[in-house]
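The values are calculated or read from the model by the stated rules, or taken from the named source; none is laboratory data. Small disclaimer: the values here were computed from a predicted structure and weren't measured. Here the Cβ positions follow ideal geometry from the backbone for every residue, glycine too, while neighbour counts run over all protein chains shown.
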Amino acid sequence: MVDKDLLSIQEARSLVRAAKKAQATLADLDQERIDSIVKAIAVATKAQAESLAVLAVEETGFGKVQDKKAKNILASEQLFEAIKDMKTFGVLNDDKEKKVIEIAVPMGVIAGIVPSTNPTSTTIYKSIISLKSGNAIVFTPHPSAKKCIGKTVDIIRGVLHDCGVSEDLVSVMSVPTIQGSGELMKVADLILATGGPGMVKAAYSSGTPALGVGAGNVPAYIERSADIEDAVSKIFMSKTFDNGTICASEQSIVTESCIAEKVKASVIAHGGYFLYGEELTKVKNLMERGNGSMNPAIVGRDAGYIAKLAGISIPAGTRILISDENGVGPKYPFSKEKLTSLLGFYVVEDCNEACEICHALLENGGVGHSLAIHSQNAEVIREFGLKKPVSRMLVNTPSTHGAVGLSTSLFPSFTLGCGTVGGSATSDNVTPLNLMNIRRVAYDLGTTPCSTEHAKCESDSIDVEAITAMIVNQLKQMV
């Protein structure tokens, strides 16, 4: 008999030791060689994008196969296109004028925490950005997504073998436990944390440098100048993508009273169903567990599944269940992050009140992450951009697609930093550049006083013989 927690701890240590040994061999490679390996991984994982998506949905029950396939392609082919010309090895910059040379230095072994909501795409993405910057990575999988994450790693390890480099550059724990994950985070060089608030907090508490992401409680503000049909269409496209499992998906619609009826009509036309009375009570009772956390039974599920689980009947073709809300906080579950087919709906008088509600929603579990705004008013957009505590403000675009770089020029990423206001060490869409140190070699510029032609060193005016005699005398007295 072997205790599972002890076995997991030992496995974490062994995998990191092997990864460190493998990572050291990358020092002998150049940028071209690394890029060829990363490209091979991107090609191989793209080829398996659909099969991995099927496996992820079958194992976790979350999301949709076609959307998970799209995420796998974003994490492989589209990510590679974004980083293929990125310099991450050797000399990054040689500034002849300033006499400073910048050299890329890998961080070492990355501890990769992978959530069950985006298991295969996150594994592909983190493997590619880690290797691109010269690091090895060891994954701790979410237990409910262990099989699909393991299969993804197997594909990547096969590519590494075929490329003639160590398979231990990418590995995954086969016995994931809380204790084992904790040990992995302690012995790795950097933690790349994507997951629930508890896991991210543990990463920052481990004593190891960490890049973590916070929760996303994204408000979508439809301002009075917006193209309502376009706005609602994009919100539904985003919220139903993989059944809302991406943390950048919209969680609430905020709109103004002067256009509220038109917005509601469009929402209903797109498959939104407003809950009232007993129906709303039943769904609210299903949304959370006793401790107030999100009920995993509804995560990544479609509206029909949630309705059936709640014991209510909804019209055929319903895509999202919606609640009119007039408050924000613990007593209002629709004001929280809902990684599923649920939305809150808020009506305000003007942009000032919209500003207040959006801020309150962000503070209620999404501060630092993202905000979506649909508007043609450049001044309102600018004011929101200046004042909202988010790392991404997404304008007239589906929030999910915009945040991860599908419909915007943001970097393709499945690790979306929330900045210090959101408890994160970065506000970036994390890239290979976040996973390396820079060593700077700085030459003397010939501007110090002692090296100038006209300056006179202070040492010229010092009576060296007198000071030496004083020191000798003091030493004699001590003896």
Legend entry - Within region 88-124, tally of residues that are touching a strand residue (DSSP E or B) at 6+ places or on another chain (Cβ under 8 Å), surrounded by 14 or more Cβ atoms within 10 Å (Cβ to Cβ) and not in a strand (DSSP E or B): 7
Legend entry - Pairs, first without any contact (Cβ under 8 Å) to a residue 12 or more places away in the chain in region 174-185, second assigned to a loop (DSSP other than H, G, I, E, B), C-beta under 7 Å, six or more apart: none
Legend entry - Selection from region 258-317 of residues that are among the polar types (S, T, N, Q), surrounded by 14 or more Cβ atoms within 10 Å (Cβ to Cβ) and modelled with pLDDT of 95 or more: S266
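Suppose we filter region 239-255 for residues that are closer than 17 Å to P219 by Cβ, out of contact with any strand residue (DSSP E or B) (no Cβ under 6 Å at 6 or more places or on another chain) and of a type outside the set (V, I, T); how many remain?
Step one: filter region 239-255 for residues closer than 17 Å to P219 by Cβ, giving 239, 244, 246-255.
Add one more test, that the residue is out of contact with any strand residue (DSSP E or B) (no Cβ under 6 Å at 6 or more places or on another chain), and what stays is 244, 246-247, 249.
Pick out the ones that are also of a type outside the set (V, I, T) and you get 244, 247, 249.
Total meeting the criteria: 3.
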Legend entry - Of residues in region 76-87 being part of a helix (DSSP H, G or I) and among the acidic types (D, E), the one surrounded by the fewest Cβ atoms within 10 Å (Cβ to Cβ): E81
Legend entry - region 373-391 residues that are closer than 20 Å to I235 by Cα, paired with ones that are among the aromatic types (F, W, Y) and assigned to a helix (DSSP H, G or I) (beta carbon under 6 Å, 6 or more apart): I373/F384
Inset, instruction - Look at K87 and say whether it is among the basic types (K, R), within 22 Å of D28 (Cβ to Cβ) and over 20 Å from the mean Cα position of the chain (by Cα). - result: yes
Inset, instruction - Filter region 44-69 down to the residues that are among the aliphatic types (A, V, I, L, M) and either in contact (Cβ under 8 Å) with a residue 24 or more places away in the chain or outside any helix (DSSP H, G or I) (or both), then identify the one that is surrounded by the fewest Cβ atoms within 10 Å (Cβ to Cβ). - result: A44
Inset, instruction - Scan region 186-223 for residues that are closer than 21 Å to I128 by Cβ and either assigned to a helix (DSSP H, G or I) or within 18 Å of the chain's Cα centre (by Cα) (or both) and report the count. - result: 12
Legend entry - Selection count, region 125-154, where residues are among the hydroxyl-bearing types (S, T, Y) and either in a strand (DSSP E or B) or surrounded by fewer than 24 Cβ atoms within 10 Å (Cβ to Cβ) (or both): 2
Inset, instruction - Of all residues in region 292-309, count the ones that are under 26 Å from T255 (Cβ atoms) and either among the aromatic types (F, W, Y) or more than 31 Å from the chain's Cα centre (by Cα) (or both). - result: 0
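State whether the residues of region 410-425 include one that is at positive phi and either outside the structural domain of D67 (by TED's automatic domain parsing) or at pLDDT 75 or above (or both).
Looking through region 410-425, at least one residue is at positive phi and either outside the structural domain of D67 (by TED's automatic domain parsing) or at pLDDT 75 or above (or both).
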Inset, instruction - Evaluate region 189-204: report whether one residue or more is surrounded by fewer than 18 Cβ atoms within 10 Å (Cβ to Cβ) and either of a type in the set (S, T, N, Q) or touching a helix residue (DSSP H, G or I) at 6+ places or on another chain (Cβ under 8 Å) (or both). - result: no
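I want to confirm something. Restricting to region 156-166 and keeping residues that are part of a helix (DSSP H, G or I) and either under 19 Å from the mean Cα position of the chain (by Cα) or touching a residue at least 40 places away in the same chain (Cβ under 8 Å) (or both), which single residue is farthest from Q10 (Cα to Cα)?
Going through region 156-166, the residues part of a helix (DSSP H, G or I) turn out to be 156-162.
Those left that are additionally either under 19 Å from the mean Cα position of the chain (by Cα) or touching a residue at least 40 places away in the same chain (Cβ under 8 Å) (or both): 156, 158-160, 162.
Details: I156: 23, G158: 24, V159: 26, L160: 24, D162: 28 Å.
The extreme case among them is D162.
When you look at T255, is it polar (S, T, N, Q), more than 30 Å from A70 (Cα to Cα) and either in contact with a Cys (Cβ under 6 Å, 6 or more places away or on another chain) or not in a helix (DSSP H, G or I) (or both), yes or no? I'd like the intermediate steps shown before the answer.
On the way: polar (S, T, N, Q): yes; more than 30 Å from A70 (Cα to Cα): yes; either in contact with a Cys (Cβ under 6 Å, 6 or more places away or on another chain) or not in a helix (DSSP H, G or I) (or both): yes.
Yes; evaluated as a whole, the condition is true for this residue.
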Inset, instruction - State all residues of region 342-358 that are outside any helix (DSSP H, G or I) and under 20 Å from S249 (Cα atoms); if no residue qualifies, say none. - result: L342, L343, G344, F345, Y346, V347
Inset, instruction - Would you be able to say whether some residue in region 415-432 is assigned to a strand (DSSP E or B) and either more than 27 Å from D227 (Cβ to Cβ) or without any contact (Cβ under 8 Å) to a residue 60 or more places away in the chain (or both)? - result: yes
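Which residues, counting only those in region 26-38, are over 22 Å from the mean Cα position of the chain (by Cα) and assigned to a helix (DSSP H, G or I)? So that I can check it myself, show each step before the final result.
Of region 26-38, the ones over 22 Å from the mean Cα position of the chain (by Cα) are 26-37.
Matches in region 26-38: L26, A27, D28, Q31, E32, R33, I34, D35, S36, I37.
I'd like to know if region 348-356 contains one or more residues that are touching a Leu at 6+ places or on another chain (Cβ under 9 Å) and buried (at least 18 other Cβ atoms within 10 Å of the Cβ). Spell out how you get there, then give the answer.
The first filter runs over region 348-356 and keeps only residues touching a Leu at 6+ places or on another chain (Cβ under 9 Å), leaving none.
For region 348-356, residues touching a Leu at 6+ places or on another chain (Cβ under 9 Å) and buried (at least 18 other Cβ atoms within 10 Å of the Cβ): absent.
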